[in-house]
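To keep things clear, I will list the structure first and then write my remarks on it.
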Amino acid sequence: MFEKILIANRGEIALRIHRACREMGIKTVAVHSSADADAMHVRLADESVCIGPPSSTDSYLNIPSIIAAAEITNADAIHPGYGFLSENAKFVDIVTAHGIKFIGPSADHIRLMGDKITAKETMRKLGVPCVPGSAGEVMTLAEAAQSAAEIGYPVIIKASAGGGGRGMKVAATADDLSEAFSSARSESKLAVGNDAVYMEEYLSTPRHIEIQILADGQGNVVHLGERDCSLQRRHQKVLEESPSPAMTDQLRTRIGKTVADAIRDMNYDGVGTIEFLFENDEFYFIEMNTRLQVEHPVTEMVTGIDLVQAQINVAAGYPLTLRQEDIKFSGHAIECRVTAEDAVTFAASPGPVTEFHVPGGLGVRVDSALYTGYNIPPYYDSLIAKLIVHSNSREECLLRLNRALEEFVVSGIKTTLPLHQEIVHNAEFRAGSYNIHWLEKYLAER
Ligand code: ADP
């Protein structure tokens with residue numbers, strides 16, 4: 001087992017990883033920007049190294065600084081968390097070349113899935129159902145028009161190297177195609193330096209349902225059920241739950257087996273998430289994330305499995321001892337992403353936190369690196385806390401969530417807690433009848 005892990009991240013996920021390491025008797029190294037010197041993950045880690053100025057490009061994305069920090073502290077592995085360098089194949093190559101273990105899949109698997117065109121093609125060949133769409137990259141407007149005519153409008157044009165909802169444009173009719181095609185390409189070029197795009201049928205009322213897998217690269221793969229992440233704003237997840245209100249045991253078993261078989265065939269190792277759109281009881285693959293996800297706690301709550309510890313064990317070369325029949329799904333879990341934003345305008349609201357009081361009690365978990373007196377720097381992602389609630393049934397989970405939201409106090413800054421309170425009281429949400437467009441529509445009409 002590793003003796004010391006460097007955590008190449010910040011905020012709640014750095015703390016989450018530190019906690020897993022601590023329970024496993026592994027020492028931790030925190031790296032931080034000069035703006036994060038008083039962050040909770042830095043305070044709790046065994047050692048810490050400042051890796052640069054506030055800007056992420058110069059700190060959390062600064063590969064030479066991170067490698068130097070690992071070498072100075074003698075860390076034998078690096079956990080990337082999510083975001084930042086977690087899906088950067090070049091980083092994995094460099095880490096590996098320095099004799100340090102990257103906690104995650106191989107650089108080849110990251111490359112394969114990081115290019116959404118090759119990811120889709122790979123999954124299709126492995127028998128995973130995909131959204132109908134273009135055969136690979138669409139290079140010219142003429143090709144786009146031909147492809148769209150074959151798929152049928154509306155269509156969505158997506159960046160092959162995209163992420164976080166960038167480089168994605170919908171063309172409702174042929175009249176919109178030219179504009180959607182060129183803006184998807186230019187947005188993609190700007191965001192990721194690559195303008196390769198592809199096209200898919202734009203599904204009108206799907207849910208976003210993703211399957212969590214855990215694999216050891218030694219032939220053992222289990223799936224840990226689904227998360228419903230349909231509540232989105234600007235293609236970004238706001239609230240997630242497991243099980244999905246739309247799922248049946250039969251559907252879960254079917255898609256879980258399809259996914260686990262594909263992952264085994266790929267010889268993938270580590271944790272991963274296979275994302276689908278789900279409409280009329282059919283699954284359509286959209287992308288695979290080759291890392292831990294923000295919403296992983298809902299799966300941990302319903303399965304009782306610590307995904308970060310499992311990830312570390314697999315990276316250290318231990319075979320998975322869990323078998324699919326050992327995975328038992330218990331009760332219901334919901335996660336609210338709380339951000340430092342105005343709940344109505346979504347304007348960013350960094351600054352000093354004058355009071356921070358988290359809810360507690362049975363079945364309530366808060367993953368957050370905040371504390372009273374902490375000053376939220378303006379340079380990073382606005383996520384400040386994840387409230388995760390677990391109970392025996394969805395009904396009980398909603399009652400518990402409502403209670404936990406009432407107890408949660410964050411003063412000094414604006415947060416999206418009031419939005420979550422609105423959602424939990426909404427009749428349609430309570431009935432579980434929502435799709436990926438529901439939240440945007442609700443926000444536009446409220
Ligand atoms: P990103 O990597 O940028 O997050 P994804 O491919 O995961 O992009 O898609 C993000 C979200 O965009 C999905 O959860 C869904 O809401 C929407 N979306 C993507 N593809 C389609 C599609 N073919 N039809 C309808 N909505 C889509």
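The values are calculated or read from the model by the stated rules, or taken from the named source; none is laboratory data. Just so we're clear, the structure is a prediction, and the values are computed from it rather than from any experiment. With ideal geometry, Cβ positions are generated from the backbone for all residues, glycine too; neighbour counts draw on all protein chains shown.
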*Scan the stretch 113-159 residue by residue and report those that are more than 20 Å from Y202 (Cβ to Cβ), touching a Ser or Thr at 6+ places or on another chain (Cβ under 6 Å) and surrounded by fewer than 20 Cβ atoms within 10 Å (Cβ to Cβ).*
D115
*Please tell me if E406 is more than 16 Å from the ligand (Cβ to nearest atom), surrounded by fewer than 18 Cβ atoms within 10 Å (Cβ to Cβ), at pLDDT 95 or above and assigned by TED's automatic domain parsing to the domain that holds A333.*
yes
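When the residues of the stretch 268-281 are narrowed to those that are of a type in the set (D, E) and more than 13 Å from the ligand (Cβ to nearest atom), which ends up nearest to L224 (Cα to Cα)?
The residue in question is D269.
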*asked:* Tell me which helices (runs of 4 or more DSSP H) are completely within the stretch 66-183 and hold 3 or more residues being under 30 Å from E295 (Cα atoms), or say none if there are none.
replied: 89-97, 107-114, 116-125
*With respect to L6, is the statement that it is part of a loop (DSSP other than H, G, I, E, B), under 16 Å from F102 (Cβ atoms) and of a type outside the set (S, T, N, Q) true?*
no
*Looking at the stretch 416-427, is at least one residue in a helix (DSSP H, G or I) and of a type in the set (S, T, N, Q)?*
yes
*asked:* Whether any residue in the stretch 379-387 is within 16 Å of the ligand (Cβ to nearest atom) and surrounded by 19 or more Cβ atoms within 10 Å (Cβ to Cβ) is what I want to check.
replied: yes
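Only residues that are closer than 30 Å to G304 by Cα and more than 10 Å from the ligand (Cβ to nearest atom): list them for the stretch 161-213, please.
I211, Q212, I213
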*Could you please give the count of residues in the stretch 123-143 that are in contact (Cβ under 8 Å) with a residue 24 or more places away in the chain and away from the ligand (no atom under 15 Å from the Cβ)?*
5
*Are there any pairs, at least 6 apart or on different chains, whose C-beta atoms fall under 7 Å, with the first in the stretch 216-227 and assigned by TED's automatic domain parsing to the domain that holds E295 and in contact (Cβ under 8 Å) with a residue 24 or more places away in the chain and the second hydroxyl-bearing (S, T, Y) and in a loop (DSSP other than H, G, I, E, B), and if so, which?*
G217/Y268; E226/S244
